[in-house]
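J.: Sharing a structure, written as structure tokens. Questions coming.
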Amino acid sequence: MDNKEISQAVIGRLPRYFRYLGELKDDGIVFLFTRMWAKINRMPRHREPIEVITYPKGLVRAQFYRGFTIKSGDEILAEA
């Protein structure tokens with residue numbers, strides 16, 4: 001697959017979180033979830049600040065398992 005540049009017009013139409021993923025990648029910070037089950041208590045509201053906490057949950061061969069908690073203040077919105 002060719003490594004092609006994405007035009008600024010296309011990037012500008014992407015939701016902010018997709019653009020932010022590119023910034024994380026540029027900084028060398030990326031998580032790839034291939035399969036995941038999560039308990040979602042509620043979705044965050046528009047512009048509600050959230051905190052994502054990740055932690056190691058195990059290792060099997062080349063698979064590194066991580067757990068996470070998504071919080072808004074003291075309320076847990078989701079966890080896996």
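J.: When the residues of the range 39-72 are filtered to those that are among the small types (Gly, Ala, Ser) and surrounded by 10 or more Cβ atoms within 10 Å (Cβ to Cβ), which remaining residue is nearest to Ile29 (Cα to Cα)?
T.: Step by step, filter the range 39-72, then rank; the result is Gly67.
J.: A further question follows. Provide a single number: the residues in the range 53-64 that are under 16 Å from Lys39 (Cβ atoms) and free of Cβ contacts under 8 Å to residues at least 12 places away in the same chain.
T.: 1
J.: Restricting attention to the range 50-80, which residues are in a loop (DSSP other than H, G, I, E, B), at pLDDT 95 or above and over 13 Å from the mean Cα position of the chain (by Cα)? Lay out the reasoning, then the answer.
T.: The initial filter retains those residues of the range 50-80 that are in a loop (DSSP other than H, G, I, E, B), namely 50, 61-62, 73-74, 80.
If we keep only those that are at pLDDT 95 or above as well, we get 50, 73-74.
Across the range 50-80, the qualifying residues are Gly73, Asp74.
The values are calculated or read from the model by the stated rules, or taken from the named source; none is laboratory data. As the structure is a computational prediction, the values presented were derived from the model and not from experiment. A quick note on method: Cβ atoms are made from the backbone with ideal geometry, for glycine too, and the neighbour counts reach across all protein chains shown.
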